[in-house]
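Right, one structure below, let's go through it.
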Amino acid sequence: MLERAGRGTVVEHAAIIEDTVRSFPDVRVEIVDIAATSDAVISRARFIGSHGGVVFGIGPTGRAMSAPTLDVYFFQNGKVARLWHLTDHLPILRGLGAEVRIAGQVADLE
């Protein structure tokens, strides 16, 4: 069983995955690169899908998005003991056509 890592429990992580699938019903993850150490596996991937549900408060647009992800799986006794996950959300926002503001100013996302 995964231990609590960062901000969420396994149950909370599962809820995030369920929300993601609702928001991007055709979601797929393409592995870009993978490496292993004695106690960890690191993967770089792309999260790809079409916007079909509410995400970040934005209703479905049908627009395609692609975002890089990084996962580090830490192992103990042959089982995953901890997971670190990082998704770059900016490409998702750009793909959805969202207006991003920084300090009240519209940010140039290009």
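We did not get these values from a lab; they are worked out from the coordinates using the rules stated. In this text the structure is predicted, and so the values were computed from the model without any measurement. Quick reminder, even Gly has a Cβ in these numbers, built from the backbone with ideal geometry, and neighbours come from all protein chains shown.
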**Report entry** Neighbour-limited loop hits for chymotrypsin sites (Phe, Trp or Tyr not before Pro), segment 56-86 (at most 16 other Cβ within 10 Å; DSSP other than H, G, I, E, B)
**Finding:** PHE56
Requested in this report: Starting from segment 1-102, pick out the trypsin sites (Lys or Arg not before Pro) whose DSSP state is loop and whose Cβ has at most 16 other Cβ atoms within 10 Å.
Outcome: ARG4, ARG7, ARG63
Requested in this report: Pull up all non-local amide H partners of GLY53: gap of 5 or more, or a different chain, and H-to-H distance under 5 Å with H placed in the peptide plane.
Outcome: THR61
Query raised in the report: So what's the back-of-envelope 222 nm ellipticity for the chain, counting only DSSP H runs of four-plus at -39500 (n - 2.57) apiece and dividing by all residues, rounded to 500?
Result: -5500 deg cm²/dmol
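Under 12 Å from the Cβ of ILE31, count the other residues' Cβ atoms, weight Lys and Arg +1, Asp and Glu -1, and hand me the total. Before the final figure, lay out each step's value.
Details: positive: ARG28, ARG44, ARG46; negative: GLU30, ASP33, ASP71.
Around ILE31, the charge tally is 0.
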Query raised in the report: Between VAL11 and HIS89, what is the spin-label point distance in nm, taking each point 7 Å from the Cα along the Cα→C-beta axis?
Result: 2.3 nm
Query raised in the report: Using the Karplus equation 6.51 cos²θ - 1.76 cosθ + 1.60 (θ = phi - 60°), what ³J(HN,Hα) coupling, rounded to whole Hz, does each residue of segment 55-61 give in order, writing x for Gly and Pro?
Result: 9, 6, x, 9, x, x, 10
Query - Residue-by-residue Karplus 3J(HN,Hα) for segment 72-83, coefficients 6.51, -1.76, 1.60, Hz, glycine and proline x - result: 10, 9, 9, 10, 9, 6, x, 10, 5, 9, 8, 9
Report task. Would you please report the Å³ per residue occupied by the convex hull of the alpha carbon atoms in the chain? Result -> 127 Å³
Report summary line: Scalar couplings 3J(HN,Hα) for segment 43-49 by Karplus 6.51 cos²θ - 1.76 cosθ + 1.60 (θ = phi - 60°), nearest whole Hz, x for Gly and Pro, are 10, 9, 8, 10, 9, 10, x
